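The values are calculated or read from the model by the stated rules, or taken from the named source; none is laboratory data. Computed from a predicted model, the values in this text were never measured in an experiment. Ideal geometry is used to build each Cβ from the backbone, glycine not excepted, and the neighbour counts take in all protein chains shown.
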Amino acid sequence: MLVSIWGAVDADLQLTIDRAGRVSIPRIGSVVVNGLTLPEVAAAIDRQARRIFKNFELSVTLGQLRNIRVFVTGFAVRPGAYTVSSLSTLSTVVFGRAGGPAASGSFRDIELRRAGRTIAKLDLYDLMIFGRRDADYQVRADDVIHIGPVGRQVAMIGSVNKAAIFELRQYETVDDVLRMAGGFSSVADRSRLAVERVSDRNDRRVRQLALPVDGTVPLDAGDLIRAFSAVDAVLPLDRQNKRVRIEGEVNRPGTYILPPESTISDALKAAGNLTSTAFVFGTEFNRESVRASQQINYARALREVELDLARNSATTSISGAEEAVAAAALQRANSDQLLARLREVRPTGRVVLQMAPEARELPPLALEDGDRLYVPAVPSTVGVFGSVFNAGSYLYLQQRRIDDYLRLAGSPTRGADKKSIFIVRANGSVVSAQQDPSNWLGFGGKRINDIPALPGDTVFVPEELNKSTFVKSAKDWTQVLYQFGLGLAGVKILLP
């Protein structure tokens, strides 16, 4: 210990504290400093010195600290004897030297034993969770720090700030565990909790607690407490506000929040209604819940076609070894190519709005949260793709039929499958040559080539594929794609 005195007396003293906790100062005498803090030591020396001297100032600083030996016993990671600084406390020894409590050790039952007596008990939760150091005593030579076995443990999961396993003292309740977990998160349902108990797992299993009434319920070892999120549960549709995005030919495109009972018409009113160039028949309406359903169904259909391809490959019989090998290799390549293209396609969630081509109003469909409405301008072209001599888009003229556009594209090629021609309308519906003509909206009894073309139509002419392979059904898949709302992009992937 270093003592500096200046004023009426000048001295710089380097002093040693003996094992009895006393320091001897020349001309001042012996001062007992055992158990005192540094400010208290300075005050004690100052009082003793003023009995002899006047008009001086004094400062006390630490020099070289004496090391002491302490023992850590019980359920520690590294129990044993340790040499530590004389200023060490319970927590610095437990964590800094002994590695903390072991997996089977208690964080809440740590005793400081001195001369055979327990003089303090440390609850590490007070320090680690609540920041209190009241019981973090300073250790002395030959002290024993004993870590007891772990007590009752419960788990807290869900919408809390710190999900963890907690050790309980006797009489601690649900409210105490919730406080240890830092309370509810900002999105939690604060009105209830669920408790799953080991003793109840063969019958009732889970019990629900209503807060704050059941906050004082005691807990048993092994209990699992779950806090619920207030945003996970989906409200009934008639109670949800609707977030809808409206784009295209409206006066104020953007995202709008609408009341629960809103319809497409309400959404258009919020967006300032349609412009004069809006093409109502071609409106694209996408819904997230429909997209999710389409994705599941599409994946199931894709698995079925994979099985069909595998069965077809296994049952194909061709005479001649070389011919069989070549045919099998070609079939596998075609099958792999078809499957690769089909896997690239993703559902869009489009809902086909069944309207007449001349419609000026959208159907009164109730909205869901996340819906998207896109109203295009009136298209000026009709597209012709597939097995034709000059695929492309051609200017729309009102009096033209589908056959006229096929002629503009050079007509179907020799390898075209004319019986499988189909048209994708701007509203997402499909008209196929394989359908019953009497079922076509407004065009009953006509061949597909003879029906009038509409703005935005896309005509696809599939190619006649090898009848001996399953890949010929690729042209049928172009219609399957539209059943799942996959749109023109999906068909173009399949029929490049």
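For segment 27-42, the set of residues classified as within 14 Å of LEU58 (Cβ to Cβ) and either among the aromatic types (Phe, Trp, Tyr) or exposed (fewer than 14 other Cβ atoms within 10 Å of the Cβ) (or both) consists of ARG27, LEU38, PRO39, GLU40, listed by residue number.
Out of everything in segment 72-94 that is more than 17 Å from PRO149 (Cα to Cα), surrounded by 15 or more Cβ atoms within 10 Å (Cβ to Cβ) and in contact (Cβ under 8 Å) with a residue 24 or more places away in the chain, what residue ends up being nearest to the chain's Cα centre (by Cα)? Per the stated criteria, the residue is SER91.
Conditions (1) farther than 17 Å from VAL352 by Cα; (2) more than 28 Å from the chain's Cα centre (by Cα); (3) of a type in the set (Ser, Thr, Tyr), marked per residue:
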site	(1), (2), (3)
ILE264	no, yes, no
LEU268	yes, yes, no
GLU284	no, yes, no
ARG291	no, no, no
ALA301	yes, yes, no
VAL305	yes, yes, no
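Here ALA301 fulfils each of the conditions (1) within 21 Å of GLY370 (Cα to Cα); (2) touching a residue at least 12 places away in the same chain (Cβ under 8 Å); (3) in a helix (DSSP H, G or I) apart from (1). Of the residues making up segment 129-182, those that are in contact with a helix residue (DSSP H, G or I) (Cβ under 8 Å, 6 or more places away or on another chain) and of a type in the set (Asp, Glu) are ASP134, ASP136, GLU167, ASP175.
The residue that is nearest to SER432 (Cα to Cα), counting only those in segment 402-421 that are part of a loop (DSSP other than H, G, I, E, B) and of a type outside the set (A, V, I, L, M), is ASP417. Consider ASN439 carefully, then state whether it is surrounded by fewer than 20 Cβ atoms within 10 Å (Cβ to Cβ), under 28 Å from LEU302 (Cβ atoms) and either modelled with pLDDT of 85 or more or among the polar types (S, T, N, Q) (or both). It is true that ASN439 is surrounded by fewer than 20 Cβ atoms within 10 Å (Cβ to Cβ), under 28 Å from LEU302 (Cβ atoms) and either modelled with pLDDT of 85 or more or among the polar types (S, T, N, Q) (or both).
Cβ-Cβ distances below 6 Å connect the following pairs, each with a first residue in segment 194-208 that is farther than 12 Å from ASP223 by Cβ and assigned to a strand (DSSP E or B), a second residue that is at pLDDT 85 or above and aliphatic (A, V, I, L, M), and a separation of six or more residues or different chains: GLN208/ALA194. Among the residues making up segment 124-147, those that are free of Cβ contacts under 8 Å to residues at least 24 places away in the same chain and touching an Asp or Glu at 6+ places or on another chain (Cβ under 8 Å) are ASP126, ARG132, ASP134. Here GLN170 clears all of (1) of a type outside the set (Phe, Trp, Tyr); (2) within 20 Å of THR73 (Cα to Cα); (3) assigned to a loop (DSSP other than H, G, I, E, B) except the condition numbered (2). Selection of segment 229-272 for residues being part of a loop (DSSP other than H, G, I, E, B) and either at pLDDT 95 or above or among the small types (Gly, Ala, Ser) (or both) yields ALA230, ALA233, GLU249, ASN251, ARG252, PRO253, SER262, ALA271, GLY272. In this structure, VAL31 qualifies as touching a helix residue (DSSP H, G or I) at 6+ places or on another chain (Cβ under 6 Å) and in a strand (DSSP E or B).
Sub-6 Å Cβ pairs linking a first residue in segment 248-270 that is free of Cβ contacts under 8 Å to residues at least 24 places away in the same chain to a second residue that is buried (at least 19 other Cβ atoms within 10 Å of the Cβ) and in a loop (DSSP other than H, G, I, E, B), at least 6 apart or interchain, are ARG252/ALA271, ordered by first then second residue.
Suppose we filter ASP143, ASP136 for residues that are closer than 19 Å to THR83 by Cα, within 41 Å of the chain's Cα centre (by Cα), buried (at least 16 other Cβ atoms within 10 Å of the Cβ) and not small (Gly, Ala, Ser); which single one remains? On inspection, the qualifying residue turns out to be ASP136.
Of all the listed residues (VAL375, VAL424, VAL384), the sole one being under 22 Å from ASN297 (Cβ atoms), under 45 Å from the mean Cα position of the chain (by Cα) and in contact (Cβ under 8 Å) with a residue 40 or more places away in the chain is VAL424. Annotation note: of VAL174, VAL195, VAL234, the sole residue that is among the hydrophobic types (A, V, I, L, M, F, W, C), exposed (fewer than 13 other Cβ atoms within 10 Å of the Cβ) and not assigned by TED's automatic domain parsing to the domain that holds ASP371 is VAL234.
Listed by first and then second residue, the pairs with beta-carbon distance under 7 Å, at least 6 apart or on different chains, first residue in segment 326-355 and closer than 21 Å to LEU307 by Cβ, second acidic (Asp, Glu) and at pLDDT below 80, are LEU339/GLU306. Close Cβ contacts (under 8 Å, 6 or more residues apart or on different chains) running from residues in segment 356-368 that are assigned to a loop (DSSP other than H, G, I, E, B) to residues that are surrounded by 11 or more Cβ atoms within 10 Å (Cβ to Cβ) and acidic (Asp, Glu) comprise LEU367/ASP266; GLU368/GLU288.
Filtering PHE130, PHE107 for residues that are at pLDDT below 95 and of a type in the set (Phe, Trp, Tyr) leaves a single hit, PHE130. Looking across segment 59-78, the residues that are outside any loop (DSSP other than H, G, I, E, B), farther than 28 Å from GLY7 by Cα and of a type in the set (A, V, I, L, M, F, W, C) come down to ILE68, VAL70, PHE71, VAL72, ALA76.
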